[in-house]
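Colleague: The structure's right below; bear with me while I get my questions together.
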Amino acid sequence: MCLAIPHRVIALKGPNRALALAGPVEVEIRTDLVPHIKEGDMVLVHAGFAIERLLEEETGELEKLWEEIRELAGP
Amino acid sequence: MQAHRPGDPRKRVELLSKALSELADPPIKVMEVCGTHTVSIFRQGLRTLLPAKISLVSGPGCPVCVTSQGEIDAALSLASREDTTIATYGDMLRVPGTGTTLAEERSRGADVRVITSADEALSLAMNDRTRSVVFLAVGFETTAPATASVVLDAWREGLDNFMVLDLHKSVPPALGALASDPDVNLDAFLLPGHVSVITGLATYRFLPERFGIACAVAGFEAEGIMMALVEVARQIRMKRPRVASLYSRAVRPQGNVAARNVMDRVFTLGDAPWRGLGVIPSSGFFLRKEFARFDAVERLGVAVKETPPPVGCRCGEVLKGLIDPPFCDLFGRSCTPAHPVGPCMVSTEGSCAAYYRFQKRGYLDWKD
Ligand code: SF4
């Protein structure tokens with residue numbers, strides 16, 4: 001039930017609503033929980049509400065971890 | 001990253017599995033907390049890739065499954081009211097209460113509407129002010145901020161026909177209860193991705209600090225889950241348990257502060273009953289006094305009583321990771337997704353339902 005799906009914001013509609021695309025499907029979402037949302041943002045949507053902005057790439061930790069995995073698992 | 005991380009996804013998962021068998025010595029017991037992880041692990045066949053030294057058990061991460069029998073019965077008691085519409089997420093429809101379900105009540109004429117957003121529940125109340133609408137609010141930190149937002153809307157609008165049966169629960173206290181239970185005996189948690197989007201990381205720090213339990217927030221792809229397993233195995237090996245995040249695309253270390261502010265405005269924490277885990281202190285989000293007129297418990301006098309679970313159902317032990325579902329005598333016999341006995345067989349994220357579906361499709365490797 002905690003599943004959240006990435007959506008692309010395509011148009012803001014008033015102070016706390018926006019139109020967003022999940023794949024080809026256009027839906028209206030609430031944006032109360034993600035301040036300063038902009039058109040073009042990728043957001044995670046859960047139960048009709050955007051809950052966070054998604055970054056395009058993972059950061060930091062993963063890179064270091066891969067370095068170790070390579071050492072452990074060999075070439 | 002490119003230098004160390006192979007381009008081919010299959011090769012990556014293979015390497016992760018290899019690294020895991022190097023690291024998991026002595027054997028470790030890891031709990032995946034989130035129901036979405038449980039399903040993802042099955043769907044991607046990850047159990048077959050895990051070295052035997054890693055035992056992966058499912059936890060209390062399906063909101064419908066941890067809803068106590070008394071809470072389900074309280075929800076059902078509302079369905080018999082003539083002037084009341086019940087708005088519920090679909091997962092709750094078929095959960096067996098004592099003697100009936102919301103789906104059965106609906107077929108007998110009760111006005112039960114399935115909604116996918118708290119916003120739709122509010123619209124039902126705005127569009128027909130002659131009926132009372134009670135929103136069955138289940139879910140963890142991921143879901144509770146939406147409920148808080150619509151309660152604030154109803155308050156601003158001065159709506160008097162909208163109420164919430166508020167069954168929202170908080171995940172970190174439940175993890176504390178599991179961590180301090182000697183029967184459960186865990187080495188690590190895979191922390192839930194979308195709950196952590198809201199809570200951030202600091203709230204879990206007591207787990208490594210007080211209980212020595214390794215923690216990693218995991219995303220939902222095969223690679224993300226395997227990475228998180230490698231991370232906890234590595235923490236255990238180095239004897240340096242901490243809270244790591246392997247899902248930084250979505251999870252900020254401080255969590256979603258705006259969402260938590262909305263929750264703080266509307267809810268206060270109180271003791272709440274969990275199926276299988278008993279009453280856990282400060283684990284339920286309750287409406288503040290100021291919003292009592294939106295509280296179905298206050299307004300309609302619904303009571304959440306202590307009620308025994310269905311006879312023979314071992315959901316409680318399943319939710320604590322003490323048994324795998326097939327060890328329940330009813331599993332696949334009198335309890336199936338078509339005729340569920342307990343909530344763990346109803347919700348698609350319930351462990352019993354996940355085992356049932358994926359066992360049928362041959363995704364399980366039996367270790368014993
Ligand atoms: S198989 Fe059915 S009866 Fe057994 S624990 Fe799971 S839900 Fe309960």
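The values are calculated or read from the model by the stated rules, or taken from the named source; none is laboratory data. Since we're looking at a predicted model, the values are computed, not measured. Counting neighbours? That spans all protein chains shown, and the Cβs are built from the backbone with ideal geometry, glycine included. Only protein heavy atoms, including side chains, enter the accessible area calculation; ligands, DNA and RNA are left aside. Shrake-Rupley method; radii C 1.70, N 1.55, O 1.52, S 1.80 Å.
Colleague: Note down the relative contact order for chain B as a percent, whole number, built from C-alpha pairs under 8 angstrom at least six residues apart.
Modeller: 22
Colleague: Something else now. Full extension from B:Val257 to B:Glu120: what is 0.36 nm times the residue separation minus their Cα-Cα distance, to one decimal in nm?
Modeller: My answer for the length gained is 46.9 nm.
Colleague: What does the charge dipole of the stretch A:5-73 about its Cα centre add up to, to the nearest 20 debye, if the Cβ of each Lys and Arg holds +1 and the Cβ of each Asp and Glu holds -1?
Modeller: For the stretch A:5-73, the charge dipole is close to 520 debye.
Colleague: A further question follows. On alpha carbon coordinates alone, what is the Rg over Rh value for the stretch B:275-368, Rh being the Kirkwood radius?
Modeller: The Rg/Rh ratio comes out at 1.11.
Colleague: Still on this structure, please answer the following. Compute the signed sum of charges (Lys and Arg +1, Asp and Glu -1) over the other residues within less than 13 Å, Cβ to Cβ, of A:Leu21.
Modeller: -3
Colleague: Carbon-plus-sulfur fraction of the accessible area of the stretch A:5-73, 1.4 Å probe, in percent?
Modeller: Carbon with sulfur: 55 percent of the solvent-accessible area.
Colleague: Consider just the alpha-carbon atoms of the stretch B:88-242 and return their Rg together with their Dmax, both in angstrom.
Modeller: Calculated on Cα positions, Rg and Dmax stand at 20.1, 63 Å.
Colleague: Okay, moving on. Using +1 at the C-beta of Lys and Arg and -1 at the C-beta of Asp and Glu, which of A:Asn16, A:Val43, A:Leu54 has the Cα lying farthest in the positive direction of the dipole of the stretch A:5-73?
Modeller: Farthest along the dipole direction, towards plus: A:Asn16.
Colleague: Right, another one. Mind computing the radius of gyration and Dmax over the alpha-carbon atoms of the stretch B:1-108? Å is fine for both.
Modeller: Rg, Dmax (Cα atoms, Å): 21.4, 66.
Colleague: Would you work out if the stretch B:78-167 is rounded, prolate or oblate? Take a ≥ b ≥ c from the square roots of the eigenvalues of the alpha-carbon gyration tensor; rounded if a/c is under 1.5, else prolate when a/b is larger than b/c, oblate otherwise.
Modeller: In terms of gyration-tensor shape, oblate.
Colleague: Report the far tail of the P(r) of the stretch A:5-73, meaning the percent of Cα-Cα pairs longer than 19 Å.
Modeller: 40
Colleague: Additional query: Which value in Å does the Kirkwood hydrodynamic radius of chain B take, with 1/r averaged over all unlike C-alpha pairs and then inverted?
Modeller: Hydrodynamic radius (Kirkwood, Cα only) of chain B equals 21.3 Å.
Colleague: Still on this structure: Can you tell me the relative contact order of the stretch B:69-187? Whole percent, Cα pairs under 8 Å, sequence separation 6 or more.
Modeller: Across the stretch B:69-187, relative contact order equals 24 percent.
Colleague: Another question about this same structure. Considering the dipole of the protein assembly as shown built from charges on the beta carbon (Lys and Arg +1, Asp and Glu -1) around the Cα centre, which of B:Leu300, B:Ala354, B:Pro173 is farthest to its positive end?
Modeller: Comparing the listed Cα positions along the dipole, B:Ala354 ranks first.
Colleague: Also, quick follow-up: Rounded to the nearest 10 degrees, what's the angle between the helix A:61-73 long axis and the longest principal axis of chain A, both from Cα atoms, 0 to 90?
Modeller: 30
Colleague: Can you tell which of B:Val133, B:Gly158, B:Asn185 lies farthest toward the positive end of the dipole of chain B, using +1 and -1 charges on the Cβ of basic and acidic side chains (Lys, Arg; Asp, Glu)?
Modeller: B:Asn185
Colleague: For the protein assembly as shown, what mean projected area does the convex hull of the alpha carbons give, in nm²?
Modeller: 20.9
Colleague: As a test of the definition: which semi-axes, in Å, follow for the stretch B:315-359 when you take the square root of five times each eigenvalue of its alpha carbon gyration tensor? Largest first, please.
Modeller: Equivalent-ellipsoid dimensions as semi-axes: 14, 11, 10 Å.
Colleague: In Å² (nearest 100), what accessible area is buried between B and A, both sides summed, heavy protein atoms only, 1.4 Å probe?
Modeller: Interface area, both chains combined: 4100 Å², rounded to the nearest 100.
Colleague: Sticking with this structure for a sec: Once every DSSP H run of n ≥ 4 in chain B is given -39500 (n - 2.57) and the sum is divided by its residues, what mean residue ellipticity at 222 nm do you get, rounded to the nearest 500 deg cm²/dmol?
Modeller: Value at 222 nm, helices only, nearest 500: -10500 deg cm²/dmol.
Colleague: Between the DSSP loop rule and a limit of at most 11 other Cβ atoms within 10 Å, which trypsin sites (Lys or Arg not before Pro) in the stretch B:18-127 are left?
Modeller: Loop-located and lightly packed - B:Arg108.
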